[in-house]
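Notes for the one structure printed next.
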Amino acid sequence: MSGFDPKHQFQPESLMMSYGYKPSLSEGSLKPPLFLTSTFVFKTAEEGKRFFEIAYGKAEAAPGEELGLIYSRLNNPDLEILEERLALWDGAEMSAVFESGMAAISTCMLEFLRPGDVLLHSAPVYGGTHHFIHHVLNQYGIEVVEFFADQDAEEVCQIAAQKGVLERVKVVYIETPANPTNALLNLTEFANLAKRLNAISIVDNTYMGPMWQKPLKHGIDLVLYSATKYLGGHSDLIAGSVSGNATLMARVKAMRTFLGNMASPHTGWMLMRSLETLKVRTDRQALNAKKVADFLADHPLVEKVHYLGHLNPGDVGYETYREQCSCGGAMVSFDIVRGEKAAFRFLNALKLMHLAVSLGGTESLAQHPATMTHCDIPEDEQARMSISPKLIRISIGVEDPDDLIADICQAFDEV
């Protein structure tokens with residue numbers, strides 16, 4: 001007897017090498033070829049007519065019928081295979097890939113918000129998201145209500161009610177853990193709040209990736225990523241993605257079609273390559289991050305370490321962390337003594353780590369959020385978000401952890 005269970009469910013990391021791809025359709029090529037084509041040839045005029053009827057919603061697809069290949073702005077084999085694989089990681093019915101994380105964010109907001117609607121969003125969020133919300137959406141008559149990571153869903157509901165906008169809330173948007181402070185929001189609470197308000201809940205899960213946190217399992221409607229980060233993982237591409245149920249994703253994909261901001265076939269092909277090693281890369285990054293965070297916690301030049309793996313029973317966010325995160329992730333922020341001057345001296349002294357923004361790559365990166373990624377946020381708001389001149393953010397890579405700690409030690413010596 002083989003002992004094989006025919007009902008056995010393979011893990012996403014096992015399926016990343018083959019799922020959604022038939023070698024027989026590509027001359028037996030083991031890996032999906034790169035389909036660098038703008039358009040696709042129809043077998044007959046009738047076939048072309050049928051494809052367009054389904055693509056533009058003039059006809060319903062029959063059970064088991066898939067949209068045929070038309071044009072790479074609508075569909076492309078590299079993107080279709082990639083999207084099927086991405087959906088596996090989040091347990092989603094459908095995924096869509098974009099040319100950047102901001103393209104994914106802006107497309108979702110433009111699809112689900114209209115003039116007069118209200119967006120509830122957590123703070124802090126990624127600096128580009130903050131700018132789009134406060135400097136672009138407001139030009140289209142969309143009202144924004146911001147809340148902070150230390151406020152629960154009931155407090156947020158009361159804030160919106162006091163402002164008299166509760167009935168107009170159409171999107172509840174959160175980023176958790178928060179960038180760059182690692183502050184946590186409870187996914188289940190905010191998913192339930194959105195349902196009560198008949199709104200769409202959207203989570204930016206970039207900081208944890210689908211390996212360490214799965215928002216859809218907690219009732220969230222849509223989960224999005226800067227796929228540039230852990231999903232890409234090598235700092236050599238820009239991309240974004242959104243996953244969710246088929247009904248909402250059909251709307252997201254329709255908006256993507258007409259904005260024209262889907263990822264290129266080349267980007268899709270590179271992301272497929274990266275997904276094959278996602279699990280092994282991030283496992284190493286998480287182990288490294290814990291070692292670095294433990295070292296920082298005992299250093300005399302460090303006032304406070306912001307790392308999820310250090311939360312203990314009784315700490316704010318501990319229960320939420322236990323409920324929705326599988327580990328502490330690979331993002332570590334810390335407050336250095338003596339503020340910005342000391343922070344800059346530390347950053348300038350690093351030799352192995354790179355002074356650069358972004359995160360989730362194989363290499364470790366360090367940056368100064370207050371003057372870099374979040375510089376667009378006014379200082380008083382930064383302070384409310386715990387983004388201070390003494391805060392340094394590190395994205396931990398796959399290097400030897402002792403080497404990373406040695407680099408941090410010599411940079412502290414310069415301080």
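Below is a table of values for the structure above.
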{"item": "Every residue from the range 314-364 that is part of a strand (DSSP E or B) and either outside the structural domain of Lys290 (by TED's automatic domain parsing) or over 20 Å from His299 (Cα atoms) (or both)", "result": "His354, Leu355"}
{"item": "Boolean, Thr228 is farther than 23 Å from Ile133 by Cα, of a type in the set (Val, Ile, Thr) and either crowded, with 20+ Cβ neighbours inside 10 Å or under 12 Å from the mean Cα position of the chain (by Cα) (or both)", "result": "no"}
{"item": "Test: residue in the range 240-260 that is under 30 Å from Val415 (Cβ atoms) and surrounded by fewer than 22 Cβ atoms within 10 Å (Cβ to Cβ)", "result": "no"}
{"item": "Whichever residue in the range 261-270 is surrounded by fewer than 22 Cβ atoms within 10 Å (Cβ to Cβ) and touching a helix residue (DSSP H, G or I) at 6+ places or on another chain (Cβ under 7 Å) and, among such residues, is farthest from Thr37 (Cα to Cα)", "result": "Asn261"}
{"item": "Residue tally, condition part of a loop (DSSP other than H, G, I, E, B), more than 21 Å from Thr277 (Cβ to Cβ) and of a type outside the set (D, E, K, R), over the range 18-44", "result": "9"}
{"item": "Residue check for Lys49: modelled with pLDDT under 90 and farther than 30 Å from Leu137 by Cα", "result": "no"}
{"item": "Given (1) in contact (Cβ under 8 Å) with a residue 40 or more places away in the chain; (2) within 17 Å of Ala254 (Cα to Cα), number of the condition Tyr71 does not satisfy", "result": "(1)"}
{"item": "Boolean, Ser38 is at pLDDT below 90 and either over 27 Å from Pro210 (Cβ atoms) or among the aromatic types (Phe, Trp, Tyr) (or both)", "result": "no"}
{"item": "All positions within the range 111-134 that are touching a residue at least 12 places away in the same chain (Cβ under 8 Å) and out of contact with any strand residue (DSSP E or B) (no Cβ under 6 Å at 6 or more places or on another chain)", "result": "Glu111, Arg114, Pro115, Gly116, Pro124, Tyr126, Gly127, Gly128, Thr129, His130, His131, Phe132"}
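The values are calculated or read from the model by the stated rules, or taken from the named source; none is laboratory data. Values in this document were obtained by computation on a predicted structure and should not be read as measured data. FYI the Cβ positions are ideal-geometry reconstructions off the backbone, even for glycines, and counts take in every protein chain you see.
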